[in-house]
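**Q** Take a look at this one; I'll ask things after.
The values are calculated or read from the model by the stated rules, or taken from the named source; none is laboratory data. As the structure is a prediction and not an experimental result, all values here were calculated from the model. For neighbour counting, all protein chains shown are included, and Cβ atoms are generated from backbone atoms with ideal geometry for every residue, glycine included.
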């Protein structure tokens, strides 16, 4: 059997679903190297306010009147089943302590509102129960309440739910983002801690979060990555953000070696853009996704995996975000005419690029360092353009 080349079709279904899978093929130092901003905790003034409210106040006066913003995107598409919702209500009736709710304070439409960062499922469960949208089911301790809606409960039971106090932690707007990341590295009320992109999605809610959601759902993007990045933990939105960040900012002058800071800066920048500027970003992104797929097909943005013994192609590999950034940048800064006139040469150069040890290291190891970022961008531009007709 003939040995496969790096460019032959190999459609093994390699999909990034978790941070761990991504880190197997690109170690992004710089995402996690930022230190907590206070050396002396006795002098720190962390802007996280503690508050308590009754469930009735929280749901009727805050949630139902629109003071609380529900952004279910970051909740990893997890929706509680009726049994889970019922057991939560049962816990309240039994007097069990509840995990705290975490809210992010922000100014929206000229007034102070709060985004639910952690506790959305519990909040929506309470709202649905108060509105009579589901009946209790699957209860084991209070079996006699199975099949009952809130209107069917004795007054004492309803009062017990309404008067139950809940603990709120409110992150003020000037809370350092490092503190926010540190907080969500430590809490685990829902079974799976929020990752950094999920936290960014809450903190920088606005035009940037809407744009990332829109572009990650584009058919051109899904085709370009051959559906190689799952949406359940916002990994797809994060790689879209990384492309946009390097499109907006100069990788040599503006990137300092801290990837998280760079991505946060990009989200802030997008939030301040006008619609015309956002449309330019959209059109550029769509164009680059379409063109790269036309050139490289289902091997697009994937670093191939070779068998260590035989050297044969074992898998086309997972999506490599660092490859995507540097290759897309090349396509973005060159015209359609240039790319079309040099299509075969660029495809050949792409094949050769993956063989360059310096590029390979720069897209796989310590990828968040400033030197590796500059290296992979410069090498990609040099090799892909080599012997092209200007």
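**Q** In the stretch 123-149, which residues are assigned to a helix (DSSP H, G or I) and more than 22 Å from residue 66 (Cα to Cα)?
**A** 143, 144, 145
**Q** Here is a further query. Can you name the condition, by its number, that residue 50 falls short on among (1) part of a loop (DSSP other than H, G, I, E, B); (2) modelled with pLDDT of 85 or more?
**A** Residue 50 satisfies every listed condition except (1).
**Q** Then there is this: Take residue 129 and tell me if it is over 17 Å from residue 53 (Cα atoms), buried (at least 20 other Cβ atoms within 10 Å of the Cβ) and in contact with a helix residue (DSSP H, G or I) (Cβ under 8 Å, 6 or more places away or on another chain).
**A** So residue 129 passes the test.
**Q** Got a number for residues in the stretch 106-122 being crowded, with 17+ Cβ neighbours inside 10 Å and either touching a residue at least 40 places away in the same chain (Cβ under 8 Å) or part of a loop (DSSP other than H, G, I, E, B) (or both)?
**A** 10
**Q** So, residue 293, is that one in contact with a strand residue (DSSP E or B) (Cβ under 7 Å, 6 or more places away or on another chain) and within 16 Å of residue 220 (Cα to Cα) or not?
**A** no
**Q** I'd like to check which helices (runs of 4 or more DSSP H) are fully inside the stretch 315-371 and have at least 2 residues that are more than 30 Å from the chain's Cα centre (by Cα) and in the same structural domain as residue 224 (by TED's automatic domain parsing).
**A** Those helices (runs of 4 or more DSSP H) span 336-341, 343-353.
**Q** Does residue 156 qualify as being out of contact with any strand residue (DSSP E or B) (no Cβ under 8 Å at 6 or more places or on another chain), at pLDDT 95 or above and either over 20 Å from residue 64 (Cα atoms) or part of a strand (DSSP E or B) (or both)?
**A** So residue 156 does not fit the description; no.
**Q** Still on this structure: When you look at residue 236, is it at pLDDT below 95 and either closer than 25 Å to residue 297 by Cβ or not assigned by TED's automatic domain parsing to the domain that holds residue 294 (or both), yes or no?
**A** Criteria met by residue 236.
**Q** Looking at the stretch 59-94, which of the residues that are at pLDDT 95 or above and closer than 15 Å to residue 167 by Cβ is surrounded by the most Cβ atoms within 10 Å (Cβ to Cβ)?
**A** 92
**Q** Further, regarding this structure: Among the residues of the stretch 213-261, which ones are surrounded by fewer than 18 Cβ atoms within 10 Å (Cβ to Cβ), free of Cβ contacts under 8 Å to residues at least 40 places away in the same chain and under 19 Å from residue 329 (Cβ atoms)?
**A** If the condition is that a residue be surrounded by fewer than 18 Cβ atoms within 10 Å (Cβ to Cβ), free of Cβ contacts under 8 Å to residues at least 40 places away in the same chain and under 19 Å from residue 329 (Cβ atoms), then 248, 249, 250, 253, 254 are the ones that fit.
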